[in-house]
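*Asks:* Handing you a structure now.
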Amino acid sequence: MRSFSYARAESLDKAVGEIAANRAADPATATVKVIAGGTNLLDLMKADVMRPTRLVDITHLALRTIEDLPDGGLRLGSLATNADTAWDERVVSRYPALHKAILAGASAQLRNMATNGGNMLQRTRCYYFYDTGTPCNKREPGAGCGALIGVNRIHAILGASEHCIATHPSDMAVALAALDATVQVTGPKGERSIPFVDFHRLPGDTPHIESNLVADEIITAIDLPPNRFAAHSTYLKARDRASYAFALVSAAVALDIEDGQIREARLALGGVAHKPWRDKGAEAALAGKPADKNSFRALADAVLQDAKGYEHNRFKIDLARSVIVRAMEEAAGLEPS
Ligand SMILES: Cc1cc2nc3c(=O)[nH]c(=O)nc-3n(C[C@H](O)[C@H](O)[C@H](O)COP(=O)(O)OP(=O)(O)OC[C@H]3O[C@@H](n4cnc5c(N)ncnc54)[C@H](O)[C@@H]3O)c2cc1C
Ligand code: SF4
């Protein structure tokens, strides 16, 4: 591991100031990163994939609480652990898809350490990104993409570009996308909110820029709006092993059903794109339709109509179709087909 300096911030203002000062002092080479649970960042530093020159430890900031919002929603502190969030009784009862999504990720030990903010900003599990001996536009802009002509079994089928076909690995983020969460951030220019669906980016020709968070901003919280989905929502993850493994394809589903008819449908997919994948047009087409298998198959066809497979991951298109229909059936309370 390369040498780096370390500072522990005791307040949000000090953390923001520390990042800004460090970047201003040496704009050309300073790569200051915040560290939360460290379960992704430290691995990447050990593998020489990420090379921060300074770490700002934010674990002492008062961002661990989970609080009710006046509109009936819930605010998840960015430093609340994945475990505390998954098992919060309000998450279990009001946002069951999020509860299931978090528990489908990693292991109990990791979830005890991993934080909500860090989970959203964890980096892709593309093998070539981790292997510094191979070309990767995400690690080194302009280097090329090893996965395009290499082993691309775990890679994207939607929204990819010729510069990068990596997927976002988070399970939690898929549920947050389906629930229309909002990300609260603070930086030198003050506070702002980012709709979750706009938080992560598609690769385009800048795959190294993965989110719309500015480099000197800190995520403080994630807000969940109130909804009528609790009775009809789920998270389904298809993966190579039943024990902890990243998703090949996953689906977070939230339905508002009245008298067997769909009032509102939400579907976010994981493991298929550079960000949690939503198709709001396809979701809207489900309104007023019966909550049955035919409607769910039509949704799957619409969402996957532009899907493109590469040499080793074409199977994901059929797998995604099955996962969507199965998750929809489960959320609607139908027997799986
Ligand atoms: C063996 C293994 C298996 C795993 N399996 C899964 C899985 O199946 N599903 C899944 O979803 N995840 C999985 N994970 C990933 C794990 O969930 C993430 O590593 C974890 O959530 C990251 O959180 P952290 O707090 O440790 O982040 P850190 O490692 O501390 O940080 C990650 C990134 O986020 C940035 N960051 C952290 N907090 C903030 C903040 N508040 N504001 C701005 N930037 C911030 C850091 O600078 C860094 O770039 C696995 C990890 C391992 C090691
Ligand atoms: S898919 Fe993206 S992350 Fe993987 S090698 Fe290509 S550029 Fe790098």
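*Asks:* Does region 63-114 classify as rounded, prolate or oblate by the C-alpha gyration tensor (a ≥ b ≥ c root eigenvalues; a/c under 1.5 gives rounded; else a/b over b/c gives prolate, otherwise oblate)?
*Replies:* Since a/c reaches 1.5 but b/c is at least a/b, the shape of region 63-114 is classed as oblate.
*Asks:* On a 0 to 90° scale, report how tilted helix 12-25 is relative to the longest principal axis of the chain, with both axes built from alpha carbons and the result rounded to the nearest 10.
*Replies:* Compared with the principal axis, the helix lies near 60 degrees.
*Asks:* Could you calculate the contour length gain from VAL214 to GLU191, that is, 0.36 nm times the residue separation minus the distance between their Cα atoms, to one decimal place in nm?
*Replies:* Taking VAL214 through GLU191 to full extension adds about 7.1 nm, to one decimal.
*Asks:* Separate question: How far apart, in nanometres, would the label points at ALA30 and ASN112 be if each is projected 7 angstrom from Cα along the Cα-to-Cβ direction?
*Replies:* Roughly 3.7 nm, to one decimal.
*Asks:* Using helices alone, what [θ] at 222 nm do you get for the chain, with -39,500 (n - 2.57) per DSSP H run of 4 or more residues, divided over all residues and rounded to the nearest 500?
*Replies:* -7500 deg cm²/dmol
*Asks:* For the chain, which whole-number percentage of the solvent-accessible area (1.4 Å probe, protein heavy atoms only) is attributable to carbon and sulfur atoms?
*Replies:* Of the solvent-accessible surface of the chain, carbon and sulfur hold 51 percent.
*Asks:* Suppose the chain between GLU162 and PHE4 were pulled fully straight at 0.36 nm per residue; how much longer would it get relative to their current alpha carbon spacing?
*Replies:* 53.5 nm
*Asks:* Take the chain, connect every pair of alpha-carbon atoms lying under 10 Å apart with a spring to form a Gaussian network, then pick out the residue of SER243, SER295, SER170 with the largest mean-square fluctuation.
*Replies:* Highest fluctuation among the options: SER243.
*Asks:* Could you check the simple spin-label distance between LEU69 and ALA298, using points 7 Å along Cα→Cβ, in nm with one decimal?
*Replies:* Placing both labels 7 Å beyond Cα along the Cβ direction yields 3.2 nm.
*Asks:* Which residues does a label at LYS280 reach in region 196-222, if reach means a backbone N under 15 Å from a point 7 Å past the Cα toward the Cβ?
*Replies:* Within reach of a label on LYS280, which here means backbone N under 15 Å from a point 7 Å along Cα→Cβ, region 196-222 contributes 196-200.
*Asks:* Does region 176-235 classify as rounded, prolate or oblate by the C-alpha gyration tensor (a ≥ b ≥ c root eigenvalues; a/c under 1.5 gives rounded; else a/b over b/c gives prolate, otherwise oblate)?
*Replies:* Oblate shape, in that a/c is at least 1.5 and b/c is the bigger or equal ratio.
*Asks:* Looking at the chain as a GNM with Cα springs under 10 Å, which of GLY144, GLY72, GLY270 has the largest mean-square fluctuation?
*Replies:* Per the Cα network of the chain with a 10 Å cutoff, GLY72 tops the list.
*Asks:* From Cα pairs below 8 angstrom and at least 6 apart in sequence, can you work out the relative contact order of region 250-329, rounded to a whole percent?
*Replies:* Value for region 250-329: 28 percent.
*Asks:* Let me ask you something else. Assign one of three labels to region 34-144, namely rounded, prolate or oblate, based on the Cα gyration tensor with a ≥ b ≥ c the square roots of its eigenvalues; rounded applies when a/c is under 1.5, prolate when it is not and a/b is larger than b/c, and oblate otherwise.
*Replies:* Prolate.
*Asks:* Considering only protein heavy atoms, what is the solvent-accessible area of CYS126 at a probe of 1.4 Å, reported in Å² to the nearest 10?
*Replies:* 10
*Asks:* On a 0 to 90 degree scale, rounded to 10, what angle separates helix 315-332 from the longest Cα axis of the chain?
*Replies:* Computed tilt is about 70 degrees.
*Asks:* From the protein chains alone at 1.4 Å, what is the descending order of accessible area for GLU10, GLU89, GLU283, largest first?
*Replies:* GLU89, GLU10, GLU283
*Asks:* A further question on this structure: Using Stokes-Einstein with the Kirkwood hydrodynamic radius over Cα pairs, what translational diffusion coefficient do you get for the chain at 25 °C and a viscosity of 0.890 mPa s, in µm²/s rounded to a whole number?
*Replies:* Diffusion coefficient, whole number: 120 µm²/s.
*Asks:* Hey, another quick one. Name the most mobile residue of VAL303, VAL151, VAL249, meaning the one with the largest mean-square fluctuation, in a Gaussian network model of the chain with Cα contacts below 10 Å.
*Replies:* Its mean-square fluctuation being the largest, the pick is VAL151.
*Asks:* Between region 211-278 and region 141-188, how far is it from one alpha carbon centroid to the other, in angstrom?
*Replies:* 14
*Asks:* Loop-only trypsin sites (Lys or Arg not before Pro) in region 128-191, please: DSSP not H, G, I, E or B, and at most 15 other Cβ atoms within 10 Å.
*Replies:* Counting only loop positions with at most 15 other Cβ atoms within 10 Å, the trypsin sites (Lys or Arg not before Pro) in region 128-191 are LYS189.
*Asks:* Can I ask one more? Which FRET efficiency, nearest 0.05, do SER337 and ALA230 yield, Cβ-Cβ r, R0 25 Å?
*Replies:* 0.55
*Asks:* Okay, next question. What angle do you read, to the nearest 10 degrees and between 0 and 90, between the alpha-carbon axis of helix 293-303 and the longest principal axis of the chain?
*Replies:* For 293-303 against the chain, the angle is about 40 degrees.
*Asks:* Of all DSSP beta bridges in the chain, what percent run antiparallel (nearest 5)?
*Replies:* 85
*Asks:* Still on this structure, please answer the following. At 1.4 Å probe size, with every protein chain present, just tell me what the per residue accessible area of region 6-60 comes to in Å².
*Replies:* 50
*Asks:* OK, next. Filter the GluC sites (Glu not before Pro) in region 150-255 to those in DSSP coil with at most 15 other Cβ atoms within 10 Å of their Cβ, and list the result.
*Replies:* Passing sites in region 150-255 are GLU162.
The values are calculated or read from the model by the stated rules, or taken from the named source; none is laboratory data. Given the structure is predicted, the values throughout are model-derived calculations rather than measurements. Please note: Cβ atoms are built from the backbone with ideal geometry, for glycine as well, and neighbour counts cover all protein chains shown. What goes into the accessible areas is simple: the full protein's heavy atoms, side chains included, and nothing from ligands, DNA or RNA. Shrake-Rupley method; radii C 1.70, N 1.55, O 1.52, S 1.80 Å.
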